[in-house]
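One structure is given here, and the rest of the page talks about it.
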Amino acid sequence: MLVFGGTGDLALHKLLPALYHLHREGRLHADVRILALARSSHSRESYQALAERHCRAQVARADFANDTWASFAARLDYFAMDAAQSADFGRLAKRLGRDDERVRVYYLATAPSLFEDIAAHLANAGLAGPAARIVLEKPIGHSLESARAINTAIGAVFDEARVFRIDHYLGKETVQNLMALRFANALFEPVWRAGHIDHVQISVCETLGVENRGGYYDQAGAMRDMIQNHLLQLLCLVAMEAPVRFDAEAVRNEKVKILEALKPISGLDVQDKTVRGQYTAGKIGGHDVPAYYFEKNVDNDSDTETFVAVQVEIDNWRWAGVPFYLRTGKRLAKKASEILIQFKPVPHRLFHEGEANQLLIRLQPEERISLQLMAKNPGKGMHLKPVELDLNLANAFNQQRRWDAYERLLLDVIDGDSTLFMRRDEVEAAWQWVDPILQGWHQHYQSPRPYPAGSDGPEQLQHLLERHGRHWA
């Protein structure tokens, strides 16, 4: 496994800790080797020390053992090179030697602007043989046009079966349990449709700001960084039809159908169906935090959105008339990623009290699924209150440690299983829906609405639901 961008945050904070855990649990074959690639001048020993420092910080103390680290470090090496320089790939080819039989995974933990060059340089250096695979981190481009250019360049070197476009949300245990919930239980299928569901909310809320990603984030914004990939992928899993079988092509075929059925939002529609915000100074956890435009590597007059909410409609038989509300933002009051299925009320209200049922699928901070039902309060009279049937996944399976999403996805890449990865047409269908919203904001001067850090987002957020008699969870 060759990790381009081996000194970056993704490699040090996510990929190496995930690989360490897989090694610790005996899930990596004895022949697996990891080669980190970056421009920094490191010896093997100095890079291993850097990796150890970050892994110690990321891995629970009980899971980190010096002898285990020593055996993991024996797999780990470093090669200094510039991914933009063709000559450096010649040096890399000499270092690796010719071995077309051996599986090589090229993990591009770099800026998307380097994807095309890296693929071309790998081909020119003879490093893209039939056993080679390539992993692309989101975002794949910044628009439909740029995504197509990247996909075409990658496709000229690697056939589609060897391209793994990673979205770590799809590796989360609860996300995969959503598929189990829907397609392995007869209970939900009859009511999983417009006749019984009032609306769906998908929320990914963060208390963190842009941290050290200001340079990237100021060019991307919340729509490109989160909606185009993470939230639309969650929407697909909620809304898709049952695939004919559980394999990569069948699952991804159904997700593409949902993306192609999304009603376009363009022109003046952006004013009614989207809310765009940017955080100002405020308090998070009792600490003062600066406004977005004072963050490191962010333009002081930036109009990049750090918050987006969108009302989405799916124009197909199952979901016609059911709105899907997506929201994501930084510097919000609470950290939570969750999917709320709001069912319609009973057709005849027999009791004075009562609320419609809800199914809550929480991805973080804890992974759990709960179904809210109405039950009678003990004592005299028929006084009802909502109670929860709760499935805590960690407790249900006596987990000592929850797998990180990257652990599962890295194993899938090694195994060549692309079920939880995005196909080319998925990425492009998502951009085809997102691009008109971005254009509508620009054409109609839809500047981000300010919201204080530590709040729930812009005031306009509530109007998106309240005008239809609904409210955010």
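Summarising the amide proton neighbourhood of Tyr106: residues at separation of 5 or more, or on other chains, whose placed amide H is nearer than 5 Å comprise Leu2, Arg133, Ile134, Val135. Provide the FRET efficiency to the nearest 0.05 for the Gln271-Ala131 pair, computing r from the beta carbons and using R0 = 30 Å. My answer for the efficiency is 0.05. Taking all Cα pairs closer than 8 Å and separated by 6 or more residues, the relative contact order of the chain comes to 18 percent. Proximity of backbone amide H atoms, modeled 1.01 Å from N, is registered between Tyr78 and Ala36 at under 5 Å, excluding neighbours fewer than 5 places apart on the same chain.
Think of it as helices only: each DSSP H run of n ≥ 4 in the chain is worth -39500 (n - 2.57), and spread over all residues that comes to -9500 deg cm²/dmol at 222 nm.
What is the local net charge at Glu426, summed over the other residues whose Cβ is closer than 9 Å to its Cβ (Lys, Arg +1; Asp, Glu -1)? Value of the local net charge: +3. In this structure the amide hydrogen of Gln364, modeled in the peptide plane, comes within under 5 Å of the amide hydrogens of Ser337, none closer than 5 places in sequence on its chain. Annotation note: trypsin sites (Lys or Arg not before Pro) in segment 57-154 located in DSSP loop regions with a Cβ neighbour count of at most 12 within 10 Å are Arg98. Label sites at His442 and Leu373, each approximated as a point 7 angstrom past Cα along Cα to Cβ, lie 5.2 nm apart. Solvent exposure of the chain amounts to 46 Å² per residue of accessible area, where only protein heavy atoms count and the probe is 1.4 Å. Averaging the sequence gap over all C-alpha pairs within less than 8 Å and six or more residues apart, then dividing by the number of residues, gives segment 63-147 a relative contact order of 31 percent. Straight-line cross-link reach from Lys330 at under 25 Å between alpha-carbon atoms covers these lysines, not counting any fewer than eight positions away in the same chain: Lys14, Lys138, Lys172, Lys273, Lys283, Lys296.
For segment 91-149, GluC sites (Glu not before Pro) are listed when DSSP marks them as loop and at most 10 other Cβ atoms sit within 10 Å of their Cβ; the list is Glu101. A straight chain from Glu25 to Ala70 at 0.36 nm per residue would run longer than the Cα-Cα distance by 14.7 nm. Compared with the direct C-alpha span, the chain from His463 to Ala62 gains 139.6 nm at full extension, assuming 0.36 nm per residue. Residues of segment 420-457 falling in the label zone of Asp247, defined by backbone nitrogen less than 17 Å from a point 7 Å along Cα to beta-carbon, are 420-421, 423.
Here the accessible area is traced with a 1.4 Å probe on the protein chains. For the chain, carbon and sulfur cover 50 percent of it. So I have (1) 108, 45, 40; (2) 73, 51, 41; (3) 78, 52, 49, and one of them is Cα extents along the principal axes in Å calculated from this model. Which one is it? Among (1) 108, 45, 40; (2) 73, 51, 41; (3) 78, 52, 49, the one calculated here is (3). When only the Cβ of Lys, Arg, Asp and Glu is charged (+1, +1, -1, -1), the dipole of segment 277-423 relative to its Cα centre reaches about 780 debye. Charges were assigned to the Cβ only: +1 to each Lys and Arg, -1 to each Asp and Glu. The resulting dipole of the chain about its Cα centre is roughly 900 debye.
The values are calculated or read from the model by the stated rules, or taken from the named source; none is laboratory data. Given the structure is predicted, the values throughout are model-derived calculations rather than measurements. Glycine gets a Cβ as well: all are built from the backbone with ideal geometry, and neighbour counts include every protein chain shown. Surface areas here come from the heavy atoms of the whole protein model, side chains and all, with no ligands, DNA or RNA. Shrake-Rupley method; radii C 1.70, N 1.55, O 1.52, S 1.80 Å.
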